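The structure appears right after this line, and notes come after that.
FYI, it's all coordinate maths here, none of it is from the lab. What you see is a predicted model; the values in this text were computed from it and never measured. No Cβ is skipped: glycine too gets one built from the backbone with ideal geometry, and neighbour counts run over all protein chains shown.
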Amino acid sequence: MSKSKWMHVGDILKMNALNVPDKLGWQDKTKNYTFEAWNDRACRLANGLKNLGIGYRDTFAVLSYNRGEWMDVYAGCAKGGQIVVPVMFRLAGPEIEYIVTHAECKGFIVEAPFVELINGIRDNLPVPKDAYIFLGEGPVPEGYVGYEELLAGSSPGEHDLFVHGDDVWNIMYTSGTTGRPKGAVRTHESHLAHYVLSNINMGVLPTDKVMLVMPMCHVNSIQYSFPYTLVTAPVFVYNMVSFDPEDLLRTIGKYKITYTSLVPTHYRMILDLSDDIKRNVDVSSIRQLLISSAPASRDLKMEIMDYFKNAELWEAYGSTEGGLATLLRPEDQFKKLGSIGKEIFGIDRIRLLDENKKEVPQGEVGEMFCRAPCLFKEYFKDPEKTKEVFEGEWFSAGDMARRDEDGYLTLVDRKANMIITGGENVYPSEVENILKAHDAVLEVAVVGVPDEKWGEAIKAVVVLKAGYEPGEDLAEILMDFCRGKIAGYKRPKSIEFISGEEMPRTATGKVLHRVLKGRYGAPYGA
């Protein structure tokens with residue numbers, strides 16, 4: 001008998017199909033399915049994967065832009081007990097190859113725009129040759145099984161296997177300080193706990209309609225999709241390849257969206273639209289908005305609330321590994337500007353510890369440790385890294401914060417030198433390892449510098465080898481050198497050349513990224 005009594009999202013979907021079969025389950029800009037139809041598709045996918053040799057506790061990867069079929073995938077593998085490995089669509093070939101190989105994937109769902117990329121690395125992947133699934137319109141490429149054809153040829157019956165709450169549902173790969181991503185292993189129960197707590201904290205209703213704008217391969221979209229399914233509210237997947245603020249507003253108006261989660265860059269782009277456009281779109285259906293992934297300035301918050309007049313404004317702090325940890329609630333937005341709020345209802349008090357793992361006094365900075373039912377299980381095949389981030393039952397994402405006299409937390413540092421550009425996390429070491437491979441580079445340090453649109457832009461500070469002259473031409477060469485080796489959003493947007501003596505270091509010779517960050521400007525909006 002299982003120790004965990006939690007349901008999984010496949011069970012939730014099954015019950016919705018029985019109780020509200022004709023209610024809208026998911027839709028995107030081209031398709032829509034009722035709960036009954038969605039459940040049928042999820043069952044067919046679970047059985048289809050099994051027919052391809054991807055069975056209980058087997059991993060399979062998915063590489064796709066946002067589209068509604070992601071909802072089939074997440075619910076389907078929950079039913080069948082398969083483990084989904086979402087792959088960020090911005091990654092380069094070598095990065096994808098590492099993830100799919102490290103996760104030991106036995107199948108790969110590939111959307112049409114990425115077929116050529118995957119075919120270029122296919123011989124290096126562990127996926128059996130008959131377990132590639134093509135997602136998209138048009139003819140199915142050679143060597144692939146069509147997604148819709150797979151569903152059509154598979155049983156619509158509920159899977160006969162009992163999937164436990166403590167079984168693994170997904171492995172989310174996050175950037176690593178060593179330059180290699182880590183696979184955060186998450187169970188069904190960790191997600192269901194998150195959904196229940198999220199709904200209690202934010203008051204999600206069966207009449208709501210969420211729009212998922214953040215990538216469906218991100219934890220953000222997994223965490224803010226199925227809480228709505230849990231209460232029979234429909235999910236809208238915003239299937240645009242790139243962010244179009246005008247189209248997003250018109251989509252909100254057309255589909256009567258009540259909630260979405262965006263990063264500050266998205267809000268800035270929306271509010272910078274002409275008044276003629278903004279006045280002619282009805283956004284009155286929006287009742288809740290979330291700011292995630294990066295802090296927002298007071299002016300930006302004021303503009304958001306002025307335009308979306310019916311909306312509550314929330315800010316969240318969490319992580320791929322830890323789930324939602326704090327919320328700055330609507331009533332506190334200006335009372336505690338800059339804060340990430342307090343612990344959400346349902347988790348333990350966040351501990352702020354010093355380097356000796358002792359609680360720091362009020363007002364002093366410490367490393368944040370959380371204990372919650374929505375924590376991840378472990379890093380895949382990496383017990384040492386797992387051990388490093390846990391202190392008993394308490395987990396730390398490496399963030400530093402202080403707590404004020406009212407109990408509100410404020411982030412001081414975003415992990416160890418992490419850069420947040422357009423809501424995406426970038427660790428300097430990932431970029432540094434690429435640039436170090438160039439013959440001209442003796443030493444390099446990568447930092448985030450203020451950028452009004454993206455929050456932070458990536459700057460590489462380079463010490464050249466003897467015989468190389470700094471200049472714009474070499475800077476362009478170095479930036480172009482990164483192309484194809486790492487995702488586009490990770491590539492440097494500027495290069496600064498300095499001497500070895502100008503590089504700030506600790507007594508043991510380590511580069512001080514925080515000094516470089518301070519040298520090239522204060523955070524935007526401060």
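With the highest mean first, a sort of the peptides 100-110, 10-20, 465-475 on other beta-carbon atoms found within 10 angstrom per residue produces 100-110, 10-20, 465-475. Between the C-alpha center of the range 143-221 and that of the range 368-418 there is a gap of 22 Å. The alpha-carbon of residue 31 sits under 25 angstrom from the alpha-carbons of these lysines, leaving out residues fewer than 8 places away in its chain: 14, 23, 79, 209, 254, 256.
In order along the range 77-85, the phi-based Karplus estimate (6.51 cos²θ - 1.76 cosθ + 1.60, θ = phi - 60°) of 3J(HN,Hα) comes to 6, 5, 5, x, x, 6, 10, 8, 10 Hz; Gly and Pro are listed as x. For the pair residue 359 and residue 384, label points projected 7 Å from Cα toward Cβ lie 3.4 nm apart. Applying the Kirkwood pairwise sum to the alpha-carbon positions of the chain produces a hydrodynamic radius of 24.2 angstrom. Remark on residue 273: its backbone amide H falls under 5 Å from none of the residues 5 or more positions apart or on other chains, H modelled at 1.01 Å from N. Secondary-structure-derived ellipticity at 222 nm for the chain, considering helices only, amounts to -8500 deg cm²/dmol, per-run term -39500 (n - 2.57) for DSSP H runs with n ≥ 4.
Each part reduced to its alpha carbon centroid, the range 258-314 and the range 66-125 end up 32 Å apart.
Looking at the range 106-164, the GluC sites (Glu not before Pro) that sit in a DSSP loop and have at most 14 other Cβ atoms within 10 Å of their own Cβ are 137, 142.
For the range 407-471, the list of GluC sites (Glu not before Pro) that fall in a loop by DSSP and count at most 12 other C-beta atoms within 10 angstrom reads 452.
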